[in-house]
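J.: Once you've had a glance at the structure underneath, I'll fire off some questions.
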Amino acid sequence: MPLDITTFTLVDKPTTLKESLAILERDDYRCVYCGLDGRASFENALVMRVDFVVPRAKKGKKDPKNLVACCGPCNTIKGTRVYKSFDHAKEYVLAGREELRKAWEAKQRRPAAKAAKA
Ligand SMILES: [Zn+2]
């Protein structure tokens, strides 16, 4: 078991490629949080990850019951918090996505910056 140097605790190992592919296959290559279809395009496939529902840093185990298919953005939003349940984690992730969407949409409404003169 490797040592997590940020917490000085022993953590479970990351999933191997073979283990990750088994989880992605089980979850049909769809992000369990936002539903992104990892098979829809090459770009979607590139962002697919396997998430430890209870993070390794918080003593989450490398057990299929604790592993889910997830996209990179949802994985980042979820972070290394520990949630009461999977449903709470999903609620948090979807709320985070919505917040980012609103910020992005607000930015889109601003007038475009003028191109620099040559
Ligand atoms: Zn997602």
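J.: Collect the residues in the range 92-109 that are within 12 Å of the ligand (Cβ to nearest atom) and either under 15 Å from residue 81 (Cβ atoms) or of a type in the set (Ser, Thr, Tyr) (or both), keeping them in residue-number order.
T.: If the condition is that a residue be within 12 Å of the ligand (Cβ to nearest atom) and either under 15 Å from residue 81 (Cβ atoms) or of a type in the set (Ser, Thr, Tyr) (or both), then 93, 94, 96 are the ones that fit.
J.: Which ones in the range 57-86 are among the basic types (Lys, Arg) and more than 10 Å from the ligand (Cβ to nearest atom)? Write out each step before concluding.
T.: Keep residues of the range 57-86 that are among the basic types (Lys, Arg), which gives 58-59, 61-62, 65, 78, 81, 84.
The answer is 58, 59, 61, 62, 65, 81, 84.
J.: Only one of these conditions is not met by residue 82: (1) in contact (Cβ under 8 Å) with a residue 12 or more places away in the chain; (2) under 18 Å from residue 30 (Cβ atoms). Which number is it?
T.: (2)
J.: Between residues in the range 54-73 that are under 18 Å from residue 28 (Cβ atoms) and aromatic (Phe, Trp, Tyr) and residues that are in a helix (DSSP H, G or I) and modelled with pLDDT of 95 or more, which pairs lie under 9 Å by C-beta distance while being six or more apart or on different chains?
T.: That search, which allows pairs on different chains as well, returns nothing.
The values are calculated or read from the model by the stated rules, or taken from the named source; none is laboratory data. Treat the numbers as computed from the prediction; the structure is a model and nothing was measured. Glycine gets a Cβ as well: all are built from the backbone with ideal geometry, and neighbour counts include every protein chain shown.
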